[in-house]
Amino acid sequence: NKETIQKIIENIHKYPKVNETTAINFLERLLDYRQKSKLVSTYLKPLPNLMDKNGVIHSYIQIAGANNGRPTSSSPNIANIPRRTYNMKDIFCSKFGKSGRLGTLDASESEFRHFAYLSQDQWLIENYKQGIGMHDTVAKEVGISRDDTKTLNFARLYYARPAKLKAVLLDAGLKGRDLESKLIKYTIATKAFQLYQDRTIKESYEQGYVESPDGRRGYRLTPNAIANYPVSSFSSYSN
């Protein structure tokens, strides 16, 4: 896996018989191949079987389909198709051809705005008041791109542990000391996430359920789902 490949790259100097330049070049190509292979197998290959007789894709939308209250889509999951690095969304076009147009609607950082409110993180609140979103704020603080920060923030929103956050930075092309440095900076910048989520999990275990501000309750959820439930449910309800 990519974590193992990264460890080999970091410790390549321990293998005196290996040509470091050649080995690192091969391993980095291997990481690139893994990324492209996943895009093809996960997002591209299933599409022909999902088309109707007219070659049209009809994704199913479930309102509050997720157990945390978020809407979901399936066959295919349109919301999950990546657009960074390789924009897989470019493979879709309107069924009306050149006379048609596809549109995307997005509630600007809705879940993170709701998180700022629920956690009362003054750093985030002040930035939002000044019109600066969380992705831009953290990107500047940590020193990585906004797109990579956005991926990290969503992982954090779902209670990602350090290993998962490190994997995201690996995908972003960081390695070695630079990766470790950025991970530490990111952890410090988002410490409010950790405090709020740990508190939410503790309270949920004590009362036997997790509750969102709009009154919905979740039972028998994993720590990841508990940590995210109030934020995602509240955001979905508001929207």
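Structure notes:
- Farthest toward the positive end of the dipole of the chain, out of Pro230, Tyr158, Ile9, is the Cα of Ile9, where the dipole comes from beta carbon charges about the Cα centre.
- Longest exposed-site-free window of the chain, the sites being trypsin sites (Lys or Arg not before Pro) in a DSSP loop that have at most 10 other C-beta atoms within 10 Å: 102-219
- Computed over protein heavy atoms with a 1.4 Å probe, the accessible surface of the chain works out to 63 Å² per residue.
- q = 0.12 Å⁻¹, region 44-137: log10 I(q)/I(0) [Debye, one scatterer per Cα]: -0.58
- Set of aspartates and glutamates with alpha-carbon distance to Lys95 below 17 Å, sequence-local pairs under 8 removed: Asp52
- Options (1) 29.1, 96; (2) 20.6, 63; (3) 23.0, 72 - which one matches Rg and Dmax of the Cα atoms in Å as calculated here: (2)
- Tyr33 - accessible surface, heavy atoms, 1.4 Å probe, Å² rounded to 10: 140 Å²
- Distance from the Cα centroid of region 41-103 to that of region 223-239 is 24 Å (rounded to whole angstrom).
- Cross-link pairs Lys36/Lys140; Lys89/Lys191; Lys2/Lys150; Lys36/Lys185 - those with Cα-Cα distance over 22 Å: Lys36/Lys140; Lys89/Lys191; Lys36/Lys185
- Most mobile listed residue (Leu50, Leu31, Leu152) in the chain, GNM with C-alpha springs under 10 Å: Leu50
- Counted residue by residue at 0.36 nm each, then reduced by the alpha carbon distance between them, the extension gain from Gln120 to Lys191 reaches 24.3 nm.
- Note, ³J(HN,Hα) from phi for region 82-87, Karplus 6.51, -1.76, 1.60, rounded to Hz, x at Gly and Pro: x, 10, 8, 6, 10, 7
- The GNM of the chain, with springs linking C-alpha atoms under 10 angstrom apart, assigns the highest mean-square fluctuation among Ser74, Ser110, Ser99 to Ser99.
- Listed residues Phe26, Val56, Ser41: farthest to the positive end of the dipole of region 14-91 (Cβ charges): Phe26
- Across the accessible surface of the chain, with the other protein chains kept in place and a 1.4 Å probe, carbon and sulfur atoms take up 53 percent.
- Residue-averaged [θ]222 nm for the chain, counting only DSSP H segments that reach four residues, each worth -39500 (n - 2.57): -16500 deg cm²/dmol
- Of Thr149, Thr222, Thr137, the one that fluctuates the most in a GNM where the chain has Cα springs shorter than 10 Å: Thr222
- Between the alpha-carbon centres of region 195-211 and region 105-161 there is a gap of 22 Å.
The values are calculated or read from the model by the stated rules, or taken from the named source; none is laboratory data. All values derive from a computational prediction rather than experimental measurement. Cβ: placed from backbone, ideal geometry, glycine included. Neighbour counts: every protein chain shown. Side chains included, ligands, DNA and RNA excluded: accessible areas come from the protein's heavy atoms. Shrake-Rupley method; radii C 1.70, N 1.55, O 1.52, S 1.80 Å.
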